[in-house]
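Visitor: I'd like to ask some things about the structure below.
The values are calculated or read from the model by the stated rules, or taken from the named source; none is laboratory data. Bear in mind the structure is a predicted one, so any value in this text is a computation, not a measurement. Because the Cβ atoms are built from the backbone with ideal geometry, glycine has one as well, and the counts that use them run over all protein chains shown.
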Amino acid sequence: MKHHFEKHYTREEANALLPQIRKWLERLNRLREDLQRCEKRLSGLTEQGNDIGGETVNNWIRALADMQELLAEFQRREIFIKDLERGLLDFPALIGGKEVFLCWESDEEAVEFWHDLETGFGGRERL
């Protein structure tokens, strides 16, 4: 049977990653807020026709690069961010030989749910 994903997580593997994932998500959300602040400042400057170099642009580029680096960690591990603000993630897994997602949200202590590849959050079932 051909699978959609190369990596499949066990519940234990996904849970073991949660401390690091929590740090990454916290950092991503801080960077997202930094980007929004920079973009707000930059949009005000461009509307006035100003030359927009300097610290704000450098901070914006640095935040983008840092965000890209963190997102690459998720991509490399085939962990899917479904909602960054909520910290909603999917981990590819096999249950009974069927490819599914283990589903976790940042306010949950551990990975306790799964859903089919097609159903998403609304189809979550307890493990």
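Visitor: Is there a residue being at pLDDT below 85, farther than 19 Å from Ala14 by Cα and touching a Phe, Trp or Tyr at 6+ places or on another chain (Cβ under 8 Å) anywhere in the range 41-48?
Guide: Yes: the range 41-48 contains one or more residues that are at pLDDT below 85, farther than 19 Å from Ala14 by Cα and touching a Phe, Trp or Tyr at 6+ places or on another chain (Cβ under 8 Å).
Visitor: In the range 40-54, is there at least one residue being among the charged types (D, E, K, R) and either part of a strand (DSSP E or B) or surrounded by 12 or more Cβ atoms within 10 Å (Cβ to Cβ) (or both)?
Guide: yes
Visitor: Also, I was wondering about something else. Considering Leu31, Leu71, Leu18, which residue is in a helix (DSSP H, G or I), surrounded by 12 or more Cβ atoms within 10 Å (Cβ to Cβ), at pLDDT below 95 and among the aliphatic types (A, V, I, L, M)?
Guide: Leu31
Visitor: May I ask you to say which residue of Val111, Val100 is within 19 Å of the chain's Cα centre (by Cα) and over 22 Å from Trp24 (Cβ atoms)?
Guide: Val100
Visitor: Scan the range 16-35 and give yes if some residue there is closer than 23 Å to Leu127 by Cα and among the charged types (D, E, K, R), otherwise no.
Guide: yes
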